[in-house]
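Engineer: My structure is below; once you've seen it, I'll send some questions.
What follows draws every value from the coordinates through simple rules; no lab data is involved. Please read all numbers here as calculations on a predicted model, not as lab measurements. All Cβ positions, glycine included, derive from the backbone under ideal geometry; neighbour counts span all protein chains shown.
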Amino acid sequence: MKDNQWIDISQPLDEKLAHWPGDTPFHYVTEYTKEQTGSVNIGKLTMSLHSGTHIDAPFHFDNDGARVLDLDINRYTGTARVINASAFEKLDEHAFSQFDLSGVTRVLVKTSVPNNPAHFPEDFPYVTPCGADHLKQCGIQLIGVDVPSVDHPVSKELEGHHALLKNDIAILENIMLDHVEDGDYELIALPLPIREGDGSPVRAVIRKQS
């Protein structure tokens, strides 16, 4: 692959896609066929806003939080550093302190969990409050993780989400980094302009910086 080519780090949206237990599964159907309309096929989607690769808006976990259309889209484009944190069970201050995060405002974290969109992992590393505080001190404004959430799957307090919000750090979840080397990349992961949304699916792509 040439260095200037875009790399897709998104989970494919199809019927095999694993979803958060109890959430709405992804479903696509051709609602109207070309034979029916005489000119075009028209598809219909049923899905959670947190299906596959997506961003969280603060309203997802805070009733007074910003909705998707309130977010600064500049957070979701620009230089991002991919780091391999697969040696760590928690994304805390100790884990993040092992990496040089200077010179970037976005970090994409590769964990020990294999990228398998058809499987929802029962356990995965999560961001701790001290980890979020450390990212803030490093100047990070967006974190992307290759797991379904920045919090543990059984957490109800969502300490990671709230700590990242307190530190003004945007959240990108379910990216796919197994095929990506560590280093600096240009990131594009723009949310859809869903005015009242608590999240949005994104097509996340990166391109290696020279």
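Engineer: What number of residues within the range 120-129 are under 16 Å from Ala163 (Cα atoms) and crowded, with 17+ Cβ neighbours inside 10 Å?
Structural biologist: So the count comes out to 4.
Engineer: While we're on this one: What's the number of the only condition in (1) assigned to a loop (DSSP other than H, G, I, E, B); (2) hydrophobic (A, V, I, L, M, F, W, C); (3) in contact with a Leu (Cβ under 9 Å, 6 or more places away or on another chain) that Val113 fails to meet?
Structural biologist: (3)
Engineer: Condition first: in contact with a Gly (Cβ under 6 Å, 6 or more places away or on another chain) and either farther than 14 Å from Val107 by Cβ or not hydrophobic (A, V, I, L, M, F, W, C) (or both). Now tell me which residues in the range 133-161 satisfy that.
Structural biologist: Across the range 133-161, the qualifying residue is only Asp151.
Engineer: If Val205 satisfies every condition in (1) under 20 Å from Arg67 (Cβ atoms); (2) in contact with a strand residue (DSSP E or B) (Cβ under 7 Å, 6 or more places away or on another chain) but one, which is the exception?
Structural biologist: So the condition that Val205 fails would be (1).
Engineer: Search the range 178-197 for residues being crowded, with 19+ Cβ neighbours inside 10 Å and more than 11 Å from the chain's Cα centre (by Cα), and hand back the single one that is nearest to Ser86 (Cα to Cα).
Structural biologist: The extreme case among them is Val180.
Engineer: Additional query: In the range 149-203, what count of residues is obtained for those that are touching a Ser or Thr at 6+ places or on another chain (Cβ under 6 Å), of a type in the set (Val, Ile, Thr) and farther than 17 Å from Asn115 by Cβ?
Structural biologist: Qualifying residue count, the range 149-203: 2.
Engineer: Within the range 62-77, which residues are among the basic types (Lys, Arg) and farther than 21 Å from Gly160 by Cα?
Structural biologist: Correct list: empty.
Engineer: Run down Arg81, Arg75 and say which single residue is in a helix (DSSP H, G or I), surrounded by 12 or more Cβ atoms within 10 Å (Cβ to Cβ) and not aliphatic (A, V, I, L, M).
Structural biologist: Being in a helix (DSSP H, G or I), surrounded by 12 or more Cβ atoms within 10 Å (Cβ to Cβ) and not aliphatic (A, V, I, L, M) holds for just one of Arg81, Arg75, which is Arg75.
Engineer: Considering only residues that are touching a residue at least 60 places away in the same chain (Cβ under 8 Å) and among the basic types (Lys, Arg), look in the range 38-80 and name the one that is nearest to Tyr185 (Cα to Cα).
Structural biologist: Arg75
Engineer: Can I ask one more? All but one of (1) over 21 Å from Leu187 (Cα atoms); (2) surrounded by 13 or more Cβ atoms within 10 Å (Cβ to Cβ); (3) more than 15 Å from the chain's Cα centre (by Cα) hold for Thr105; state the number of the condition that does not hold.
Structural biologist: (1)
Engineer: Taking the criterion of being of a type in the set (Asp, Glu) and under 21 Å from Ile140 (Cα atoms), would at least one residue in the range 68-85 satisfy it?
Structural biologist: Yes, the range 68-85 contains a residue that is of a type in the set (Asp, Glu) and under 21 Å from Ile140 (Cα atoms).
Engineer: Got a number for residues in the range 49-70 being of a type outside the set (Asp, Glu) and out of contact with any Phe, Trp or Tyr (no Cβ under 9 Å at 6 or more places or on another chain)?
Structural biologist: Residues in the range 49-70 being of a type outside the set (Asp, Glu) and out of contact with any Phe, Trp or Tyr (no Cβ under 9 Å at 6 or more places or on another chain): 10 in total.
Engineer: Listed residues Glu35, Glu31; which is more than 21 Å from Pro153 (Cβ to Cβ) and in a strand (DSSP E or B)?
Structural biologist: Step by step, each of Glu35, Glu31 is checked, and only Glu31 is more than 21 Å from Pro153 (Cβ to Cβ) and in a strand (DSSP E or B).
Engineer: Of everything in the range 123-172 that's assigned to a helix (DSSP H, G or I), out of contact with any strand residue (DSSP E or B) (no Cβ under 6 Å at 6 or more places or on another chain) and in contact (Cβ under 8 Å) with a residue 40 or more places away in the chain, which residue is farthest from Gly78 (Cα to Cα)?
Structural biologist: That would be His162.
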